[in-house]
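No lab work stands behind these numbers, since they all come straight from the coordinates. Source: prediction; values computed, not measured. Cβ atoms come from the backbone with ideal geometry, glycine included; neighbour counts cover every protein chain shown.
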Protein chains: 2
Amino acid sequence: MHQAISRFIDQLLPREHPRPEIELLYRMMRDYPERGGKMLRGTLVLLSARAHGGRDEHALPLAAALELFQNWVLIHDDIEDDSEERRGRPALHREHGVPLAINAGDALHIYMWQTVLQAGVPGAAEEFLRTIHRTAEGQHVDLGWVEHGRWDLNEADYLEMVQLKTAHYTVVSPLRLGALAAGLEPDPRFLEAGLALGAAFQIRDDILNLTAEGSAYGKEVAGDLLEGKRTLMLLRWLESARADQRDFFLEVMSRPRSEKRLEEIERILRWLLASDAVRYADERARFEAARGLELLEAALESAPDREAVGQIMGTLRQLATRDH
Amino acid sequence: MHQAISRFIDQLLPREHPRPEIELLYRMMRDYPERGGKMLRGTLVLLSARAHGGRDEHALPLAAALELFQNWVLIHDDIEDDSEERRGRPALHREHGVPLAINAGDALHIYMWQTVLQAGVPGAAEEFLRTIHRTAEGQHVDLGWVEHGRWDLNEADYLEMVQLKTAHYTVVSPLRLGALAAGLEPDPRFLEAGLALGAAFQIRDDILNLTAEGSAYGKEVAGDLLEGKRTLMLLRWLESARADQRDFFLEVMSRPRSEKRLEEIERILRWLLASDAVRYADERARFEAARGLELLEAALESAPDREAVGQIMGTLRQLATRDH
């Protein structure tokens with residue numbers, strides 16, 4: 001499935017143009033897709049279509065379009081977060097500068113719409129509108145907390161943000177798009193199931209950013225901390241942190257990324273890892289994962305292709321509970 | 001017409017949300033549209049629909065969508081050029097920071113597609129795809145010349161760039177969208193006419209940026225020069241500039257904007273204004289304007305609403321020949 005989606009994207013994106021400058025734009029548009037992500041969302045679209053008795057050729061354009069969405073969003077996210085790397089190479093704006101990278105993201109965005117519209121699947125364009133509205137709102141909330149130095153946040157704030165930012169386009173939409181590609185009305189339970197599973201996925205992603213092998217002392221130490229991302233662990237830790245640690249943390253976080261020192265980040269990371277924050281977040285992720293999987297199992301109970309249902313459940317279980 | 005488009009946009013953009021953070025996003029999306037631009041492109045859509053015997057209510061959503069296009073593109077352009085002001089106030093990214101502004105542009109982009117799709121005018125979505133592809137390519141060429149320090153460019157390079165960047169969405173598409181809203185196949189001559197008129201418009205815009213009242217010594221002195229924009233005047237002047245002036249110019253242009261000094265820009269501006277460059281560009285703009293108007297007049301010869309045809313011709317003549 002991964003290969004079929006890659007091939008589809010390769011064929012739909014332009015490559016040649018009489019002007020070499022414009023060929024550079026085309027190479028920039030192809031760059032992130034060709035770096036080879038997991039294509040998780042596109043694969044889920046195909047699996048959901050199969051589960052509903054739909055055909056791959058109807059679902060493939062929507063799977064490709066959702067991957068194009070992921071890729072243009074990543075180009076812009078990497079600028080917004082000033083990320084250094086993406087999939088093991090420098091982020092696009094670090095290779096070509098911010099102006100060309102913003103524009104390449106916009107150009108790729110248009111190819112996403114071209115793909116959605118050419119698919120001609122009833123309801124699919126509305127689904128893309130709905131899910132991108134929510135993603136942009138979630139991204140705004142996340143970025144706004146950083147921009148405005150907000151730390152007066154609780155668990156419900158965090159969950160609402162990640163559901164908007166991540167869960168819709170990562171889980172809810174793939175499930176719904178697969179049903180639409182099969183000519184069916186999506187089960188309404190996909191929404192709640194997808195929000196729970198998407199939240200579990202994002203919490204686990206945040207945990208791995210802090211604890212994954214090699215991150216503790218390497219150059220990429222806790223990128224989320226450097227970027228000042230609000231995570232469930234941080235909010236939990238802040239609730240009961242010692243006053244001096246909390247003050248130190250807030251002072252470091254009030255500075256721009258380039259003025260945060262590595263030893264300061266490592267110090268905060270040690271406090272965080274010594275607290276119950278990671279265990280707490282891990283439990284919360286497990287709870288959301290279990291709830292989401294249970295809801296989803298019920299929603300897919302009557303789906304005809306049981307093998308595809310099994311693959312969906314397996315993929316999402318792995319995603320929402322992964323520890324590496 | 002201006003008011004009808006404004007009202008339509010006001011009603012289609014969201015305003016209220018339980019989360020105050022998301023209301024800020026909505027305010028950011030409304031900001032540029034509410035600053036009150038000329039709504040030139042939307043007005044041309046309505047006039048073209050009328051000229052073709054179409055009804056305003058069919059054309060209004062497309063007029064609004066084209067204005068939304070202009071507004072999300074301006075948000076991103078202002079970041080790409082690091083512009084200081086837009087319509088008399090600070091650019092959006094200077095008020096809210098780059099991350100939130102990139103995301104607000106993306107959010108507005110989605111409302112543009114929502115408007116296009118809800119209009120349900122056959123061929124309109126394809127027209128938006130076509131014109132945004134070209135605009136993004138032109139923007140890439142323009143930004144790439146700055147990013148890569150390219151000055152080995154001639155008049156044909158400049159014309160191709162501005163036709164891509166400006167002419168499609170400013171003239172070609174409004175004419176075509178109006179015909180589509182009236183249920184007609186657009187006249188193929190709109191393309192060549194629109195490219196000529198759009199080029200004339202951009203050349204005049206570039207001239208005004210250098211010569212408009214108040215720009216010579218104020219803070220906004222020749223913004224295009226500060227941003228290193230390649231204009232027809234600069235390319236013409238460079239062709240026959242004295243070697244020492246040329247070397248000085250290239251050295252200043254090789255520095256980032258923040259390291260260009262005002263007196264250096266003023267010195268270059270004096271050389272430029274003392275050369276034949278502005279007169280040459282002015283003649284070129286007049287030539288393109290005359291050619292475009294002649295082609296357009298022929299293309300609209302059998303359009304039924306002669307008053308609307310007269311307004312289109314008047315609007316585009318003014319636009320392509322304005323000197324203030």
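Order B:238-245, B:167-174 from most to least packed using the mean count of other Cβ atoms within 10 Å.
In descending order of packing, they fall as B:167-174, B:238-245.
Inter-copy label distances at B:Glu227, 7 Å along the Cα→beta-carbon direction, one decimal in nm, shortest first?
Listed shortest first, these distances are 2.8 nm.
Round to the nearest 0.05 the FRET efficiency obtained for A:Gln245 and A:Arg189 when R0 = 30 Å and r is the Cβ-Cβ distance. Could the numbers behind the result be given before it?
On the way: r = 43 Å, r/R0 = 1.42.
In this case the efficiency is close to 0.10.
So for the protein assembly as shown, what are the equivalent ellipsoid semi-axes in whole Å, largest first, each being the square root of 5 times an eigenvalue of the Cα gyration tensor?
Each semi-axis is √(5λ); the values are 45, 32, 21 Å.
Just checking the output field for B:91-103: average partner chain Cβ neighbours within 10 Å of each residue's Cβ?
Partner Cβ neighbours, averaged per residue: 5.
Between A:Met313 and B:Arg27, with labels modelled 7 Å along Cα→Cβ, what's the label distance in nm to one decimal, could you check?
So the two model labels end up 4.9 nm from each other.
What do you get for the angle between helix A:98-119 and the principal long axis of chain A? Use alpha-carbon atoms, 0 to 90 degrees, nearest ten.
30 degrees
Which angle between 0 and 90 degrees, to the nearest 10, do you get for helix B:243-253 versus the longest principal axis of chain B when only C-alpha atoms count?
In chain B, helix B:243-253 runs at an angle near 50 degrees to the longest axis.
Run the label-point distances for B:Arg279 please: 7 Å along Cα to Cβ, every other copy, nanometres, shortest first.
8.5
If packing is taken as the average number of other Cβ atoms within 10 Å across a peptide's residues, how do A:61-68, B:23-30 rank, most packed first?
A:61-68, B:23-30
Which stretch or stretches of the stretch B:82-96 have amide N atoms under 14 Å from the point lying 7 Å from B:Ser258's Cα along the Cα→Cβ direction?
B:82-83
Please list, by residue number, every one of the chymotrypsin sites (Phe, Trp or Tyr not before Pro) in the stretch B:179-274 that is coil in DSSP and has at most 11 other beta-carbon atoms within 10 Å.
Here the chymotrypsin sites (Phe, Trp or Tyr not before Pro) that fit, given the DSSP loop and packing criteria, are B:Tyr217.
Between their Cα atoms, which of B:Lys38/B:Lys229; A:Lys229/B:Lys260; A:Lys260/B:Lys165; A:Lys38/A:Lys229; B:Lys38/B:Lys165; A:Lys165/A:Lys260 are more than 29 Å away from each other? Intermediate results must be reported in sequence, preceding the final value.
On the way: B:Lys38/B:Lys229 23 Å; A:Lys229/B:Lys260 35 Å; A:Lys260/B:Lys165 40 Å; A:Lys38/A:Lys229 23 Å; B:Lys38/B:Lys165 19 Å; A:Lys165/A:Lys260 26 Å.
With Cα atoms farther than 29 Å apart: A:Lys229/B:Lys260; A:Lys260/B:Lys165.
Between copies, how far apart are the B:Arg246 label points? List them in nm, one decimal, shortest first, with each point 7 Å from Cα toward Cβ, please?
When each copy's label point is compared with this one, the spacings are 6.7 nm.
Would you mind checking the tilt of helix B:189-211 against the longest principal axis of the Cα atoms of chain B, expressed as 0 to 90 degrees and rounded to 10?
40 degrees
Shielding by partners for A:143-154, please: the mean number of other protein chain Cβ atoms within 10 Å of each residue's Cβ.
Counting other chains' Cβ atoms within 10 Å and averaging over A:143-154 gives 3.
Kindly identify the stretch B:2-321 as rounded, prolate or oblate by the Cα gyration tensor criterion: order the square roots of the eigenvalues as a ≥ b ≥ c, call it rounded if a/c is under 1.5, otherwise compare a/b with b/c, prolate if a/b is larger, else oblate.
Verdict is oblate for the stretch B:2-321.
How many nm separate the modelled label positions at B:Leu208 and A:Glu227, each set 7 Å beyond the Cα in the direction of the Cβ?
So the label points at B:Leu208 and A:Glu227 sit 4.1 nm apart.
Which value at 222 nm does chain A reach when only helices count, each DSSP H run of 4 or more adding -39,500 (n - 2.57), with the total divided by all residues and rounded to the nearest 500 deg cm²/dmol? Write out the running numbers ahead of the final one.
Values: 16 runs with 231 residues, N = 324.
Using -39500 (n - 2.57) per qualifying helix, the result is -23000 deg cm²/dmol.
Take B:Arg15 and B:Asp323, extend 7 Å from each Cα along the Cα→Cβ direction, and tell me the distance between the two endpoints in nm.
Spacing of the two 7 Å Cα→Cβ label points: 4.4 nm.
Averaged over peptide A:107-117, how many Cβ atoms belonging to another chain are found within 10 Å of each residue's Cβ?
5
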